[in-house]
Amino acid sequence: MSKPQRVRGWRGIVAAFGTPSAGALCLLGFGSGLPFLLIGYTLSIWLREFGMTLSTIGLLSYVTFFYVFKFLWAPFLDRWPAPLIGRLGRRRGWLVWSIALLMAAFAGMAMTGPVHLVAFVSLAALAGFSGATQDTIVDAYRIEIAPPEAQAALAATYTLGYRLGLILSGAGALYIAAFSSWRVTYLCMAAAMLIPLVTVLLVREPAHIRPRDRLDIGAAFIGPFADFFRRHGVLVAVMILLFIGLFKLPDQMLGVMAGPFYIDSGYSKEQIATVSKLYGVWIGIGGAFLGGVSVAALGLRRSLLIGGLGLALSNLLYVLMALNPGQTWAFVAAISGDNSTLGFAGVVLIAYLSSLTSLEFTATQYALLVSLSNLPGKLIGGMSGFLVEQWGYVRFFVFSSLFIVPTLALLALLWRHMKLQERAE
């Protein structure tokens, strides 16, 4: 039997976003987004109000590093079923465990508070580990539940849910704490995790998931790497990994310097909150949906080209801000361009990474690729302050946009490989 032809244009858009899993991924995305700020930004405010020193708060932020190193235990999630509830399936079983542990961790943090520091930090670490595990399984579930042409649409609905989770655990949590208490806040956040938990119990397990040999440790940890290089070939695989690492680099270089730049440009905290954290969130969601539409209508290769160019060129809008300090219209223009292209490119990159993974090692390979896409930006971003001090903001923004050159060169070299890959799917 021949494969069904991939549909593009308007019919492709409708087919992609009409996938039954789209709604479920939105709710699962909400569950993935909710924990992140509760062990980061929101938690730091609670700790500071409690009277904890900045140095201690900085050290406690390391609980978020579970999200960076989640690929280390992903092979276990790929290979073995969840204990006690394995009958739910490997993906659904581990999701139930991770969500249940998150609920318990948030409830425990609410009841102990920072006054019992050792227990409190241990529970925060449990929340970080469980949240990263949940992320890994949701990503694997998304890849396995729908065909490649629907991945960008699912990524868009997932991003919508994720952003809503961030809004609730950020602004929502602060409002609850202001009008009630931190204990009530974290108990409410624990209760909110019932939404993804019920979703997991209602959705179906991916049909292709099969039992694996529990004792095959070598296959679990070495197999994903060997499989990736075998399927793509060593040379192409190396080019793919370089392209992934460079793709978001222009934007990631700005991440660390964005806040200081806003302050140095004369914007108030109220302006920053309104334009960047409220208006910017919804612009990012809109960009994410445009990314899903683009992949469905134009295909992955052209969408990667548009996204890469957008990430680099949007950095030049910050030059506009630097030349017009304190002007709200310049701030809105920069955030509009930056957040929309970041949302667009993020969804397109998710679709591309999803297409690279093997269904035999979904969780492990995807977790590794995501870590690779973020690592160069984190490493170079740490040096961005030195560059700004030497060059000033304008030259730094121009320099960051130039990283599009090697990215486009690698995309040109991979263009034919991507075409062959699309035909093979």
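Quick look at the numbers
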item: Extreme residue, modelled with the lowest pLDDT, among residues of segment 198-225 that are surrounded by fewer than 17 Cβ atoms within 10 Å (Cβ to Cβ), in contact with a Leu (Cβ under 9 Å, 6 or more places away or on another chain) and farther than 19 Å from residue 366 by Cβ; result: 201
item: Matching residues, segment 52-84, being small (Gly, Ala, Ser) and in a helix (DSSP H, G or I); result: 55, 58, 61, 74
item: Pairs where the first residue, in segment 324-338, is of a type in the set (D, E, K, R) and the second is surrounded by 15 or more Cβ atoms within 10 Å (Cβ to Cβ) and in a loop (DSSP other than H, G, I, E, B), C-beta under 8 Å, 6+ apart; result: 338/315
item: Residue that is least open to solvent (accessible area, probe 1.4 Å) [pool: residues in segment 296-305 that are over 18 Å from the mean Cα position of the chain (by Cα) and among the hydrophobic types (A, V, I, L, M, F, W, C)]; result: 296
item: The one condition in (1) surrounded by fewer than 18 Cβ atoms within 10 Å (Cβ to Cβ); (2) part of a helix (DSSP H, G or I) that residue 266 fails to fulfil; result: (2)
item: Elements of type helices (runs of 4 or more DSSP H) in segment 85-185, at least 1 residues being basic (Lys, Arg) and either open to solvent by 10 Å² or more (accessible area, probe 1.4 Å) or without any contact (Cβ under 8 Å) to a residue 12 or more places away in the chain (or both); result: 90-112, 151-167
item: Of all residues in segment 381-400 being of a type outside the set (A, V, I, L, M, F, W, C), touching a residue at least 40 places away in the same chain (Cβ under 8 Å) and assigned to a helix (DSSP H, G or I), the one that is farthest from residue 321 (Cα to Cα); result: 381
item: Complete set of residues in segment 25-45 that are open to solvent by 20 Å² or more (accessible area, probe 1.4 Å) and in a helix (DSSP H, G or I); result: 26, 27, 30, 36, 37, 41, 44, 45
item: Candidates 247, 243, 228, 289 - the one that is within 21 Å of residue 339 (Cβ to Cβ) and either open to solvent by less than 30 Å² (accessible area, probe 1.4 Å) or at pLDDT 85 or above (or both); result: 247
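Here is a yes/no grid of residues against (1) closer than 25 Å to residue 65 by Cβ; (2) modelled with pLDDT of 85 or more; (3) open to solvent by 20 Å² or more (accessible area, probe 1.4 Å):
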{"position": "359", "(1), (2), (3)": "no, no, yes"}
{"position": "363", "(1), (2), (3)": "yes, no, no"}
{"position": "367", "(1), (2), (3)": "yes, no, no"}
{"position": "373", "(1), (2), (3)": "yes, no, no"}
{"position": "377", "(1), (2), (3)": "yes, no, no"}
{"position": "381", "(1), (2), (3)": "yes, no, no"}
{"position": "386", "(1), (2), (3)": "yes, no, yes"}
{"position": "394", "(1), (2), (3)": "no, yes, yes"}
{"position": "397", "(1), (2), (3)": "no, yes, no"}
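The values are calculated or read from the model by the stated rules, or taken from the named source; none is laboratory data. These figures come from a predicted structure and were not determined experimentally. Neighbour counts are summed over all protein chains in view; Cβ atoms, including those assigned to glycine, are modelled from backbone coordinates with ideal geometry. Areas reflect the complete protein model, heavy atoms only, side chains present, ligands, DNA and RNA absent. Shrake-Rupley method; radii C 1.70, N 1.55, O 1.52, S 1.80 Å.
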